[in-house]
Amino acid sequence: MSALIVGGTSGIGRRLAEVLAKRGEEVVITSRDAARAAAVAAEIGGRTRGIALDLNHPEQISERLAGIGQVRNLVLVAIERDDNSVKKYNIESALRLVTLKLVGYTEVVHALSDRFTADTSVVLFGGLAKERPYPGSTTVTTVNGGITSMVKTLAVELAPVRVNAVHPGVIGDTPAWSGKPPEVLERVRVRTPIGRLATTDEVVGSVLFLLDNQAVNGVNLNVDGGWLLL
């Protein structure tokens, strides 16, 4: 049985793959580019391998996953950045993100569902734009809101397979945030009750909790240091 991390070649997904590989698990990571997936898998080591998978082409997903055996842990962390407002609406950009997260995520689960067992765990990635929109988050807020509902319907439909979601806040050491101007990160920090930004390893820890705890199901878990409270 393997762990499949869709979007496991960088950031949080890669760090999770490293941790699972160190636990001795067989890990499969995906990237749109087969060469990149293979190279990162070799760097991670252990029983890690990489395959090409593009969630923006959901009609190809089943074929791409044909070589995957039984799946114990499935984590869908792939994301595409979309700066899109309703006043300046980019249809192509919006469709890519909606397809990736709402159709692509679901099709991965569908394609693998016959390889799940009773103790399989699925973790989806959303984000806190679902509750705290910002200028340009029209599509991001919409799809992350959709993830919160997807968790519930999949948990019911796939029972006893467990399905949960992680919604990271501003994670200061990720590629998406580490290069931001210090004043941008400081504005978030001062509104975070723990007095600092959450880290990649803390997000990974939350995913491991959802994967391993057999009693947690249908949960949308925010990982933000309490940022939404203020």
Can you tell me which residue is surrounded by the most Cβ atoms within 10 Å (Cβ to Cβ) among those in segment 98-134 that are assigned to a helix (DSSP H, G or I) and charged (D, E, K, R)?
K101
Somewhere in segment 181-193, is a residue at pLDDT 95 or above, over 30 Å from R115 (Cα atoms) and polar (S, T, N, Q)?
yes
Quick check on my filter: what residues within segment 157-185 are of a type in the set (A, V, I, L, M), without any contact (Cβ under 8 Å) to a residue 24 or more places away in the chain and in contact with a Gly (Cβ under 9 Å, 6 or more places away or on another chain)?
L185
Please work out which residue is modelled with the lowest pLDDT, limiting yourself to segment 135-177 and to residues that are in contact with a strand residue (DSSP E or B) (Cβ under 9 Å, 6 or more places away or on another chain), more than 23 Å from F116 (Cα to Cα) and in a helix (DSSP H, G or I).
W177
Out of segment 20-57, which residues are among the aliphatic types (A, V, I, L, M), part of a helix (DSSP H, G or I) and surrounded by fewer than 16 Cβ atoms within 10 Å (Cβ to Cβ)?
A34, A35, A39, A42
For segment 209-230, which positions are surrounded by fewer than 18 Cβ atoms within 10 Å (Cβ to Cβ) and among the aromatic types (F, W, Y)?
F209
Could you tell me which residue of segment 59-79 is surrounded by the fewest Cβ atoms within 10 Å (Cβ to Cβ), considering only residues that are part of a loop (DSSP other than H, G, I, E, B), modelled with pLDDT of 95 or more and under 18 Å from the mean Cα position of the chain (by Cα)?
L65
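The values are calculated or read from the model by the stated rules, or taken from the named source; none is laboratory data. Note that the coordinates shown come from a computational prediction; the quantities given were computed from them, not determined experimentally. Backbone-built Cβ (ideal geometry, glycine too); neighbour counts: all protein chains shown.
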